[in-house]
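Enquirer: One structure follows; several queries about it will come next.
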2 protein chains.
Amino acid sequence: MATITSNFTNVKSTVHFPCISNQHRSHLHLKKPTTVRMSMTQQTRNSHPYWASMQADIEAHIKQFFTIKEPLEVFEPIHHFIFSAPKTTVPTLCLAACELVGGERHQAISAASALLLMEAATYTHEHLPLTDKPKPKPKPESEMKHVYGPSMELLSFEAIVPFGFELLARSDYGENSEKILRVMIEISRAVGSEGVIDAQYRKTMGSRSDGEEMRHVEEMRRVVEKYEGGLHSCGAVCGGVLGGGSEEEIERLRKFGLYVGMIQGMVKRGFNESKEVDEARDLAIQELEFFKDKEVDAIKTFLNI
Amino acid sequence: MATITSNFTNVKSTVHFPCISNQHRSHLHLKKPTTVRMSMTQQTRNSHPYWASMQADIEAHIKQFFTIKEPLEVFEPIHHFIFSAPKTTVPTLCLAACELVGGERHQAISAASALLLMEAATYTHEHLPLTDKPKPKPKPESEMKHVYGPSMELLSFEAIVPFGFELLARSDYGENSEKILRVMIEISRAVGSEGVIDAQYRKTMGSRSDGEEMRHVEEMRRVVEKYEGGLHSCGAVCGGVLGGGSEEEIERLRKFGLYVGMIQGMVKRGFNESKEVDEARDLAIQELEFFKDKEVDAIKTFLNI
């Protein structure tokens, strides 16, 4: 168990994060899930009261703007897909970055919520049964349950993305509209054709080319860079922008987020003991050195994979 | 042939719009296409040099920000779906509304482009082959050709929506960020769960309940109100906001756009000679009376269905 001191939520408190040894992580080795899914370490971290409180704040914010109403056949599936999609650390990193640069959590809560929504939409999309996809093998834990049928899943996906942008656009109170637009550009790029879409395409091609999951390290690196790397990088930048960080701080956070995401992506794909992971961790720590006058212990826990 | 005088693009010019008689429109009667597709009258209107120039401006604007690059397998399909989707009058109405309230076309070009992109994404989505959809009957003219396969179609759909928001967010030059955020909220709502998604759900349920296209007038009205009505209403509002219209002007444009869209939607579904169409046309003309000091002849042509 590691003990760190954090000043999140403006209250100096001591929180305990479990250290997961390599032995305990061995079950991840070479297990290659195909979806945005938390590793065991991420699940453990998010189940910690402090991280859970961040996640709860984000979900409460979304619920404030999204209520289930008539027709229930439309709103219930959307609600289901938003809150049943596996959680990642992208939205919480956004809040942590905001607080690192001196902002308050509420300033980045809409961006964090939009990021959660985009990831929920991506998850829904990745599991959509299309006529050119092979019928998935039964994987009870990882597969999304098709409760509502493919057409409603697609409609939900189509509804979640604009809802994310709307939620973000509505968070302007006449003071920070330029920052919000900047964050929108960051999110659009991260989830768009040069980000997640590119990674999804490479993943599809990779899994088709050899009849199963791709194994080539270089190609895996590219996917991870655009996918988990790009999303975490975006999350950190959004938090930095909305928290009022300087340009230098924002660029440091961009790189830090990239390395955090790459580590997570590589570990998820079974490369948890590789030199690439060690290198990325060293680079991430170097970026944090820029913030030596700030409280970095909390954000550093994103490297505890 | 009707002759009207227009001061669009700040050049006083006389343009000619073809009048389509009811006889010529008879082929539309009770023909009920299920997609966002131009009626013959819309095609005719958009093929007019003036309307074609508006459409060309919008497409040129999109091309300026979207270039085909590597990996071609990702960018080519996106390009294809953006520019091959049937055109509607929603983006052009956005520009016309902007000019009506005294704005210049370039002020609304990003919103018009975003609207075109959202409609292209919706069209791609509606034609996505899902495992719970019946295999479509061969309709060579109306069906989208599945050149790239369902997975690439879905990826393209997923890429086009954030690209639309990005394009809009990037159109801020530090002067109109609040207006852009307002327009984003309008677009998100129009294409989201309370707009197009609701209409698509109703359409799906309607077509399933009786084994073919729904026929009930009341239900058709609801679909048309959310779909074509909501989108045209949104287009007109976006143009009004970005063109610097007053709140009263914007609300008049909201209603005018709604009626324009409802007329188009009803005509498309074969109700072209109904009292509902006549009523909607009268109400639309009433809204335009508010602009009696402005040049309304051009925007009035949106009623020439």
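Enquirer: What is segment B:177-305 by shape, rounded, prolate or oblate, if you read a ≥ b ≥ c off the alpha carbon gyration tensor as root eigenvalues and call it rounded for a/c under 1.5, prolate for a/b larger than b/c, and oblate otherwise?
Expert: oblate
Enquirer: Figure the gain on full extension for residue A:303 and residue A:275 (residue separation times 0.36 nm, minus the Cα-Cα span) and round it to one decimal in nm.
Expert: 8.6 nm
Enquirer: What average count of beta carbons from other chains do you get within 10 Å of the Cβ of residues in A:168-175? Could the numbers behind the result be given before it?
Expert: On the way: counts 6, 12, 5, 1, 6, 0, 3, 0.
Per residue, the number of nearby Cβ atoms from other chains is 4 on average.
Enquirer: Based only on other Cβ atoms within 10 Å, what is the fewest-to-most ordering of B:90, A:223?
Expert: By the 10 Å Cβ count, ascending, the order reads A:223, B:90.
Enquirer: Also, I was wondering about something else. What distance in nm separates the simple spin-label points at residue A:56 and residue B:178, each placed 7 Å from Cα in the Cβ direction?
Expert: Computed distance between label sites residue A:56 and residue B:178 equals 3.7 nm.
Enquirer: Any idea what the residue B:297 label distances to the other copies are, label 7 Å down the Cα→Cβ vector, nm, shortest first?
Expert: 7.6
Enquirer: Within a Cβ distance under 11 Å of residue B:114, other residues only, what is the Lys/Arg minus Asp/Glu net charge? Kindly include the intermediate steps, with their values, before the conclusion.
Expert: Numbers: positive: B:170; negative: B:119, B:166, B:186.
Result for the neighbourhood of residue B:114: -2.
Enquirer: Shifting gears a bit: Are any of the pairs A:69/B:275; B:179/B:226; A:203/B:203 more than 28 Å apart by Cα-Cα distance, and if so, which?
Expert: On the way: A:69/B:275 32 Å; B:179/B:226 23 Å; A:203/B:203 34 Å.
As for pairs spanning more than 28 Å Cα to Cα, those are A:69/B:275; A:203/B:203.
Enquirer: If you don't mind, another one. Neighbouring Cβ atoms within 10 Å as the yardstick, rank B:203, A:255 fewest first.
Expert: A:255, B:203
Enquirer: Here is a further query. How much length is gained on full extension from residue B:289 to residue B:170, taking 0.36 nm per residue of separation minus their Cα-Cα distance?
Expert: Full extension from residue B:289 to residue B:170 adds 39.3 nm.
Enquirer: Between copies, how far apart are the residue B:175 label points? List them in nm, one decimal, shortest first, with each point 7 Å from Cα toward Cβ, please?
Expert: Distances between equivalent label points, in nm: 2.7.
Enquirer: Other chains' Cβ within 10 Å of A:148-160 residues: what's the mean?
Expert: Taking all residues of A:148-160 together, the mean is 6.
Enquirer: Can you give me the Cα centroid spacing of segment A:222-287 and segment B:265-305 in angstrom?
Expert: Taking the Cα centre of segment B:265-305 as reference, the centre of segment A:222-287 is 54 Å away.
Enquirer: Same structure, new question: Could you work out, residue by residue across B:75-82, how many beta carbons of other chains sit within 10 Å of that residue's beta carbon, and then give the average as an integer?
Expert: On the way: counts 5, 0, 2, 3, 0, 0, 0, 0.
Taking all residues of B:75-82 together, the mean is 1.
No lab work stands behind these numbers, since they all come straight from the coordinates. The structure displayed is predicted, hence computed values, not measured ones. With ideal geometry, Cβ positions are generated from the backbone for all residues, glycine too; neighbour counts draw on all protein chains shown.
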